[in-house]
Amino acid sequence: MLSNLSRHRSISSNEFSKEEQFLGMLVVVLDHTLRDLVFYSVGIIINMSLHEEVRPALLKLPVVDKLIDVLRDANLEDMDLAKVAAKAIHNLQGVANVNQFWSEQAIKQLDEFTLTFGEELDSIMVSCLTLACSHLPCSIGRGD
């Protein structure tokens, strides 16, 4: 129900964004070990962050740092959760005075994640290509 309500601009901007306790609860839940609860909370953050006037209220809390943690924890093992966390982070960039809300540490953490994630994907691609090539006749690719 909260997810559906958070899609409505008037409810998100007039009700939810003014409730610091509600917003704080969303951020706290991002640390939870129940994946579905985290996924649901990220969905609410995505919906709320679609409304430009709501973003500053979210960004006053450590939501970016927590979303980066979710993204890092989900990684390749849970691409669905990683995608929604990345979407929420992307939505939270579109705010005036973005430097006021985004710390250098958060940007550094995102850079580190991107590098590590890219290396993991490269490793998987090499493994897949190696496996695929091992099934080809020996003369392919040698110019014989």
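Taken together, the values in this text are just the output of simple stated rules run on the coordinates, not laboratory data. As the structure is a computational prediction, the values presented were derived from the model and not from experiment. Here Cβ is always computed from backbone atoms with ideal geometry, including for glycine, and neighbour counts include all displayed protein chains.
Exposure proxy for Arg55, Arg35: other Cβ atoms within 10 Å of each Cβ, ordered fewest to most, give Arg35, Arg55.
Please arrange Thr116, Thr130 by how many other C-beta atoms lie within 10 Å of their C-beta, fewest to most. Mind dumping the intermediate values first?
Numbers: Thr116 12, Thr130 9.
In increasing order of surrounding Cβ atoms, one gets Thr130, Thr116.
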